[in-house]
Amino acid sequence: MTTDQVIPAAFAVVLLVLIVAGVVRVVGRRRGENEDAFGAGGTSTVPIGSDGVTRTVLDPSGVAYVAGEEWTARSDGDTPIAAGARVRVVGQTGLTLIVTTEPAHGPVER
């Protein structure tokens, strides 16, 4: 083999190995039946009445820290809720929590 033949052959071998590795990875991946239904920590629901704190402004939606995790959350009313405000879960739609402001009392998990 000459140098002109070795380089294209090496390129073809590398390309073939990458394609085979990609196919093996895709075929070998096992997805759970309900994998897309869970939040980051493996839970899909938060108990109503759970306390938390907003990480971003909820106008009407944003991020809140509740039950040890950050969740997408939206205000239950038309009034925006400031970042850092204490909130209480009053409902849930899918993986989005519906929250209301909570009177200041006691510690909130951070």
- Short version: ³J(HN,Hα) in whole Hz for each residue of region 4-20, in order, from phi by Karplus 6.51 cos²θ - 1.76 cosθ + 1.60 (θ = phi - 60°), x for Gly and Pro, what are they? 5, 8, 5, 5, x, 5, 5, 4, 5, 5, 4, 4, 4, 4, 5, 5, 4
- Query: With a Cα-only, solvent-free Debye model of region 37-101, what are the log10 I(q)/I(0) values at q = 0.14 Å⁻¹?
  - Reply: -0.30
- Could you list which residues have their amide H under 5 Å from that of SER50, counting only those 5 or more apart in sequence or on another chain, with H placed in the peptide plane? VAL89
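Packing-wise, with mean Cβ within 10 Å as the measure, how do 91-97, 11-17, 44-50 rank, highest first?
Numbers: 91-97: 15.3, 11-17: 10.0, 44-50: 13.7.
So the order, starting with the most tightly packed, is 91-97, 44-50, 11-17.
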- Item | Segments 59-65, 23-29, 75-81 sorted - mean Cβ within 10 Å per residue, highest first | 59-65, 75-81, 23-29
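FYI, it's all coordinate maths here, none of it is from the lab. None of these values were measured; they are calculated from a predicted model. Cβ atoms come from the backbone with ideal geometry, glycine included; neighbour counts cover every protein chain shown.
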